[in-house]
1. Return the residues of region B:177-191 that are more than 7 Å from every other protein chain (Cβ to nearest Cβ) and within 18 Å of the chain's Cα centre (by Cα); say none if nothing qualifies.
2. Closer than 27 Å to residue B:112 by Cα and either in a loop (DSSP other than H, G, I, E, B) or within 13 Å of DNA strand D (Cβ to nearest atom) (or both), is that true of residue A:51?
3. Check every one of the helices (runs of 4 or more DSSP H) wholly within region B:114-211 and list those with 1 or more residues that are at pLDDT 90 or above and open to solvent by less than 60 Å² (accessible area, probe 1.4 Å).
4. Quick check: anything in region A:152-168 in contact (Cβ under 8 Å) with a residue 60 or more places away in the chain and acidic (Asp, Glu)?
5. Being in contact (Cβ under 8 Å) with a residue 24 or more places away in the chain, in contact with a helix residue (DSSP H, G or I) (Cβ under 7 Å, 6 or more places away or on another chain) and within 9 Å of chain B (Cβ to nearest Cβ) is the requirement here; does residue A:115 meet it?
6. Here's a check for you: in region B:29-48, which residue that is in a helix (DSSP H, G or I) and over 13 Å from residue B:104 (Cβ atoms) is farthest from DNA strand C (Cβ to nearest atom)?
7. When region A:96-113 is examined, which residues are found to be open to solvent by less than 30 Å² (accessible area, probe 1.4 Å) and of a type outside the set (A, V, I, L, M, F, W, C)?
2 protein chains.
Amino acid sequence: MAVPTDAPARAKGRPRNAATDHAILEATRSLLAELGWGGLTMSHVAQRAGVAKTTLYRRWPSKNELVVDAVAVLFDDLEMTDLGSLRADIEAVVQRFAALLSRPETQAAMLALFAEGTRDPLLRGRIRESIVDPQKRLVHQGRANAQARGELPPDVDEATADQEVDIIFDTIAGAVEHRILVSGQPACEEWISRFTTLLLAPLAALSTGRP
Amino acid sequence: MAVPTDAPARAKGRPRNAATDHAILEATRSLLAELGWGGLTMSHVAQRAGVAKTTLYRRWPSKNELVVDAVAVLFDDLEMTDLGSLRADIEAVVQRFAALLSRPETQAAMLALFAEGTRDPLLRGRIRESIVDPQKRLVHQGRANAQARGELPPDVDEATADQEVDIIFDTIAGAVEHRILVSGQPACEEWISRFTTLLLAPLAALSTGRP
DNA sequence: TCTTTTCGCTACCAGACGTAGCGTATATGT
DNA sequence: ACATATACGCTACGTCTGGTAGCGAAAAGA
């Protein structure tokens, strides 16, 4: 799920201006933060990016797709660390996720995108594969790292392992998002530490069965 | 923040038909559920409610305001139970919260509302006092019930108690919202049970200090 | 130079929000 | 009963937006 476009990879005619992609996505994000989904118009995006409206539609098939790409880029540099302990890894990834969500333009863009996703099942699918699934993969990887270190027991079953990743993912991402987007409070270092403590206690027991 | 309108309270001319308010809000909710936000048009709402489109605009200044009012009432009947055990209480409230979030019209309105709130601090305050704070109060009450039953240790300090309620609230509400709104999976009974187990383990230790 | 693709521009369509004006219905106050 | 003031339905309209079509010019490779 790279950054850009819809384009064929011809080497024949005039190449597309690569900077234009970035300008369009940046304009989309800033306008989304300023005006919300309702206020965001393709004409305005084109104007701020300094391109013609038709250029937008040559690169993205619709407004929905454009906004998905504009927001998805923000999550691209979220990667799982391997700092030697599960606690450190969780705190590190939560820290960076929280920092990302604390930016006002990310908040507006992300919420507007998910709100629109409730209208459009197709858009929801695109959101899922571009944003949600990559994040879930981070949990999977962090869990694998912890297993390699012996901090977590190995998988007993692929299905239950997936279930476990699901529930951990929803808990971590949900708590951070709720703290910042809904409660409107900062996810400061102390909060992250307390939350990680809350989460770590039952983690080892989870895969072995009910305690 | 009652249910209805925008109207002055004159006692002079012909009064507004009170049933019309209800019919419009009901039509808005049902159409929202059927067609999603994108399929919802003011003309269609007017038609189903059996009123003229102009009547809508005499009572609500815009489509957004109408939808917010139409759905705000849905959160009113969320109450804390007292079933005799912390686990049962948590499962019960999560169950009802999840059921509420599973309704398509709730999803659309809620996300749209929070998205709009990122741009409008006034709206954000109204959301906070109408939706967020009442929900947080549920957590506070459930915790007090558990303390009365001896399942949780009593408060050592008001400030840390508030901190605790905050983190529990963000974790519970966040996980359910993320599961349903972001991951797009149902919060079935088994998931609720697993999540409650995950949550219960560290709860008693949390207020006594770091384990 | 010739070909291919990009790009900006103008014009255009369909649909949705939101408004204006008019006539009529229904309440209160005297 | 009468005047007054408001609600209501209806039709028509203005405006904006998403998205498309066609044109000529610019920029690259062959």
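The values are calculated or read from the model by the stated rules, or taken from the named source; none is laboratory data. Being a predicted model, the structure only gives us computed values, none of them experimental. Reconstructed Cβ throughout: ideal geometry from the backbone, glycine too, with neighbour counts over all protein chains shown. Surface areas here come from the heavy atoms of the whole protein model, side chains and all, with no ligands, DNA or RNA. Shrake-Rupley method; radii C 1.70, N 1.55, O 1.52, S 1.80 Å.
1. The answer is B:180, B:186, B:187.
2. In short, no.
3. B:133-148, B:158-177, B:189-206
4. no
5. yes
6. B:48
7. The answer is A:106, A:107.
Per-residue answers, yes or no, for (1) without any contact (Cβ under 8 Å) to a residue 60 or more places away in the chain; (2) farther than 30 Å from residue A:174 by Cβ; (3) surrounded by 16 or more Cβ atoms within 10 Å (Cβ to Cβ):
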{"residue": "A:17", "(1), (2), (3)": "yes, yes, no"}
{"residue": "A:52", "(1), (2), (3)": "yes, yes, no"}
{"residue": "A:84", "(1), (2), (3)": "no, no, no"}
{"residue": "A:94", "(1), (2), (3)": "no, no, yes"}
